[in-house]
Amino acid sequence: MKDITNSKLIVITSMFFLAFGNITFFANVLGVYAADMENALFLLSLVVVFVCINVVLLSLVCFRHTIKPVLIALLLISSQSAYFMDTYHVVIDSSMLDNIIKTDVNEAADLISIKQMIYLLLLGLAPALLIYRLDIRASNSRFPAVENLKLLTLSLAVLIITLLVFGNYYASFFREHKQLRFYSNPSYYLYSAGKYIKSISRGETVQLQPVGQDARIPASDQHRELVILVVGETARADHFSLNGYDKKTNPHLEEKGVISFTDVWACGTSTALSVPCMFSIYSQGDYSDEKAQSTENVLDVLKHSGVNVLWLDNNSDSKGVATRVPYESYKNPDKNPVCDTECRDEGMLVNLQAYIDNHPDGDIFVVLHQMGNHGPAYYKRYPKRFEKFTPVCKTNQLEQCRTEEISNAYDNAILYTDYFLSQTIELLAGNSAANNFEAAMIYVSDHGESLGENNLYLHGLPYMFAPDTQKHVPLVMWFSKSMVKDEVDVELIKSKVNAHYTHDNVFHTILGLLEIDTSVYDRGLDMIAHDKEYDDQLVHYQQTK
């Protein structure tokens, strides 16, 4: 095969990334800067800047013996990055990388498509094979790194000059349109990978900080509580008929007399971020993955108080939340007795009564982590009998379906969640009557979902510019008659259903519902607290958000 120099291969590959791996990047740029004579030179300069940045990055790692493995790896990864950005308009940031790493095989299989394989073949495997067969010409210099240094210096010089000449444009580009750079391929996912690796290395060296070790159940609490927290997956508040959606997606819950909160916002736009955040003592503004990994969460506080805690999971995992409590996965038929094309959420309820019966003393707190509406294969998320809304999108290639078809498939999955929650309430109501439990259910989704609005799909966009559809989530509560009689003021709670709440409230609402006495409990963030002190603190909290 014809030989080529290091420098030439680096430049050619950088131009290849620009031409074929950044369709979404430049589509977004043209959405901000019109392709007219006024912006023509700036847009041309952006091409130069983009190539120079890639050349600089590659010059640092691509030497004679590393250039082939580095470029082949980047081509394969970048082809998939391009596919997901072009198809679903997602951003490959550190949170998305965390999602990818923590996604199980079944969830990953839902994403595989013919289009994805075409991207892999044309943008990944084909150019990778070409590079593999090339002969890299040895440098004439006694020090091969000098060739890279010259290329690096030249690229930096061109980059700096271009930025200075078009300084006014780039000041706006970097300050006012930060989100555009999130779509640059491969530079942004490389940056995100470095950030993610750094966060992991920090997490491995920190010691776990205790939280709420003073937690106890006061002697005045003479009743046993049975509370189930259902962590939903990818459910949107505006697709719940409880919140005014025009399709009847919650017929069972409407009959159960639940309380639905209309103004609830997720901590993040991905499961890997939102789930640990909602169980964390930290507010959204203070939260970080490092803090979550190094600090006990509300489940630990419940354990300190003597509550029996159990986590049942039909999702990929608990994202680190349940590492110190009993945990059971229901993702396969060996454990989950309700499986067809995939294992269903309702299977988590089958053996739950036995667990309750085997714990005759103390309060019980159970987390049910749903598969819910996990996309893009929404049509797989419900048994066939729940396919009420038709026609449905029956492919993971959402861009091939009409908006109505996507929405119908998604809404059928919501309909199945409605049924699952009603069955959870039935179990709680039975235990309240037979075993004298004060029983309650809280359902809250981890994040929302984009269903094609503004050509966006799925979730996981950086919070700062993610649409409300990815952040506005449903939160529903149900209380047994005994709990209404002795603990909660339902009418007062109903009067607050339109108040602003976030995942920040979950930690303290759990503690309040189980009547845990601890110094880490903040009554002002407890959604069910009901006195003047609570009202005053709620108003103050909302004013500071």
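The values are calculated or read from the model by the stated rules, or taken from the named source; none is laboratory data. Predicted model only: the values in this text are computed from it and were never measured. Using ideal geometry, Cβ is built from the backbone for each residue, glycine included, and neighbour counts are taken over all protein chains shown. Accessible surface areas use protein heavy atoms only, side chains included; no ligands, DNA or RNA. Shrake-Rupley method; radii C 1.70, N 1.55, O 1.52, S 1.80 Å.
When both bridge partners sit in the chain, DSSP labels roughly 35% of those beta bridges antiparallel. Run the accessible area of the chain with a 1.4 Å probe and give the carbon-and-sulfur part as a rounded percent. Ligands and nucleic acids excluded, carbon and sulfur reach 58 percent. Ile406 sits among other residues whose Cβ lies under 11 Å from its own Cβ, and their net charge, with Lys and Arg +1 and Asp and Glu -1, is -4. Rounded to the nearest 20, the Cβ-based charge dipole of the range 426-486 about its Cα centre (Lys and Arg +1, Asp and Glu -1) stands at 160 debye. For the chain, the longest principal axis of the C-alpha atoms and the axis of helix 67-88 are separated by about 50°. Note on the range 32-61 and the range 1-30: Cα centroid distance 12 Å, given to the nearest whole angstrom. Projected over all directions and averaged, the alpha-carbon convex hull of the range 403-466 occupies 5.8 nm². Normalised size of the chain, defined as Cα radius of gyration per 2.2 N^0.38 Å with N residues, equals 1.10.
Cysteine residues of the chain whose C-beta has no other cysteine C-beta under 4.7 angstrom: Cys52, Cys62.
Treating each Cα of the range 336-423 as one equal point scatterer and applying the Debye formula with no solvent, the log10 of I(q)/I(0) at q = 0.17, 0.18, 0.22 Å⁻¹ comes out as -0.72, -0.78, -1.02. Per residue, the chain exposes an accessible area of 43 Å² to a 1.4 Å probe, with every protein chain left in place.
Cα-Cα over 30 Å: which of Lys303/Lys335; Lys8/Lys198; Lys331/Lys471; Lys248/Lys471; Lys291/Lys394; Lys102/Lys291? Numbers along the way, then the final one.
Values: Lys303/Lys335 25 Å; Lys8/Lys198 32 Å; Lys331/Lys471 26 Å; Lys248/Lys471 22 Å; Lys291/Lys394 40 Å; Lys102/Lys291 18 Å.
Long pairs (Cα-Cα over 30 Å): Lys8/Lys198; Lys291/Lys394.
With a 1.4 Å probe rolled over the protein heavy atoms of all chains, the accessible area of Lys471, Lys394 falls in the order Lys394, Lys471, largest first.
Pairing the Cα long axis of helix 145-165 with the longest principal axis of the chain, what angle in degrees results, from 0 to 90 and rounded to the nearest 10? Roughly 70 degrees between the two axes.
Using a simple spin-label model with pseudo-atoms 7 Å out from Cα toward Cβ, Val158 and Phe16 lie 1.8 nm apart. What separates the Cα centres of the range 379-458 and the range 156-193 is a distance of 40 Å.
Calculate for the chain the 222 nm mean residue ellipticity that helices alone would give, adding -39,500 (n - 2.57) per DSSP H run of length 4 or more and normalising by residue count, nearest 500 deg cm²/dmol. Please report the intermediate quantities before stating the final value.
Numbers: 21 runs with 250 residues, N = 545.
Calculated mean residue ellipticity at 222 nm is -14000 deg cm²/dmol.
Compared with the dominant Cα axis of the chain, that is its longest principal axis, helix 6-20 is turned about 50°. Comparing Cα centroids, the range 305-364 and the range 472-529 end up 23 angstrom apart.
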